[in-house]
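The values are calculated or read from the model by the stated rules, or taken from the named source; none is laboratory data. These figures come from a predicted structure and were not determined experimentally. We place every Cβ from the backbone using ideal geometry, glycine too, and count neighbours over all the protein chains shown. These area figures cover heavy atoms from the full protein model, side chains too; ligands, DNA and RNA do not enter into them. Shrake-Rupley method; radii C 1.70, N 1.55, O 1.52, S 1.80 Å.
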Amino acid sequence: MEVRLVDPSNDNELAEWAAVLRASDEDLWPGLTGFTLPDIRAFARHRGRSKRFDLLAVRELGGTILGVGMMELPLRDNVRSAEVTVAVHPAHRRRGVGTAIVEGMAEHGRADGRTVLNSIVDVPLDCAADHASLSFAPKLGFEAMLAGNLRHLSLPMDGARMHELRAEVARARGADDYRVLTFEAPWPAQYLDDQCALFQCMSTDEPHGDQGHEAEIWDAERVREKEALHAARGARFHVAVAQHIASGRLAACTELLIAPDAPQQAWQMLTVVHPDHRGHRLGLAVKLANIDVLARKAPDVRVIVTGNAAVNAPMIAVNDIMGFEVAGEGQFWQKHLDVS
């Protein structure tokens with residue numbers, strides 16, 4: 001077997017790489033669509049100052065791709081780390097392919113000055129207790145740093161339940177001090193400063209398995225790069241924000257992603273409430289607003305997928321009251337690289 005970087009300009013190689021990832025995803029999560037070829041092509045060809053994506057493939061010598069790895073490499077902050085994805089085609093498992101991918105990513109990471117590899121792995125409840133990742137990851141030097149859960153919300157929500165939850169928001173302390181706005185990304189230019197502040201807040205307030213994680217640098221350039229990546233993927237991002245009426249500042253936001261190849265599912269990308277505005281049910285308010293948007297603009301969506309760290313009690317409470325159900329268990333894994 002050989003491990004090498006994938007050429008971003010090679011359409012055939014990218015398609016083969018994406019097919020392996022798709023086969024692995026479908027084997028683990030039947031009925032859910034993860035990253036597809038448009039996503040992989042966009043990641044591989046993304047160019048910016050904030051991050052880049054490097055794709056690796058394991059092949060039989062002169063043969064087909066057996067397994068794949070993706071490394072998301074921050075370039076302005078958190079430059080010690082790489083966020084990694086590992087997938088092996090179901091037909092080629094238990095042959096050392098996964099080990100070869102991890103070893104290749106470790107070598108590539110060290111050459112790029114990285115000292116840790118981070119990876120989040122979520123598995124369905126029915127196989128969580130004995131999933132192969134529980135033995136595979138420690139064997140390769142990964143340590144479980146933070147437990148979490150994948151949650152699903154079935155749509156459409158019951159009308160009476162939605163009415164009760166809207167009443168809950170209306171009863172919240174200072175509810176009249178805020179209003180909720182919705183739009184489809186890209187964000188309106190007048191909200192740039194608040195968008196950057198909220199995204200930076202999300203990067204530090206969300207529980208993180210990497211104890212060395214730094215606050216992310218968010219500015220106009222990074223926002224433009226994010227929007228360019230969204231456009232290249234062809235995905236739609238529905239955004240709901242809570243605005244503090246007196247100041248005009250945005251106090252909370254949430255985003256849902258809908259991929260063109262999977263119109264029946266939406267992925268929760270982030271939900272954050274600024275620390276100065278917590279205790280007003282704003283997280284619930286913006287998430288309910290986005291469900292209303294889905295009913296109008298994406299009525300084919302039947303499930304929202306989200307993930308929560310097990311210690312993130314405030315967001316779990318919001319998801320529980322909305323009716324999200326635990327569908328999987330996961331771990332944030334971290335591997336320290338020996339740097340000579």
Restricting the stretch 203-223 to residues that are touching an Asp or Glu at 6+ places or on another chain (Cβ under 8 Å) and hydrophobic (A, V, I, L, M, F, W, C), the residue that is nearest to His238 (Cα to Cα): Ile217
Cβ pairs under 7 Å, 6+ apart, first in the stretch 207-231 and aliphatic (A, V, I, L, M), second open to solvent by 60 Å² or more (accessible area, probe 1.4 Å): Ala215/Gln200; Ala215/Thr204
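Hey, among Ala137, Ala100, Ala128, which residue is over 25 Å from Ile40 (Cα atoms) and touching a residue at least 40 places away in the same chain (Cβ under 8 Å)?
Criteria check complete, one pass: Ala128.
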Scan of the stretch 233-257 for residues that are touching an Asp or Glu at 6+ places or on another chain (Cβ under 9 Å), among the aliphatic types (A, V, I, L, M) and surrounded by 18 or more Cβ atoms within 10 Å (Cβ to Cβ), ordered by number: Ala235, Val239, Ala240, Val241, Leu250, Ala251
Output for the stretch 146-171, where each listed residue is touching a helix residue (DSSP H, G or I) at 6+ places or on another chain (Cβ under 8 Å) and among the aliphatic types (A, V, I, L, M): Leu153, Leu155, Met157, Met162, Leu165, Val169
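At least 2 residues that are under 30 Å from His336 (Cβ atoms) and either open to solvent by 70 Å² or more (accessible area, probe 1.4 Å) or in contact with a strand residue (DSSP E or B) (Cβ under 8 Å, 6 or more places away or on another chain) (or both) in each: list the helices (runs of 4 or more DSSP H) lying fully within the stretch 119-213 that qualify.
Numbers: elements: 133-139, 159-171, 192-205.
Fully inside the stretch 119-213 and qualifying: 133-139, 192-205.
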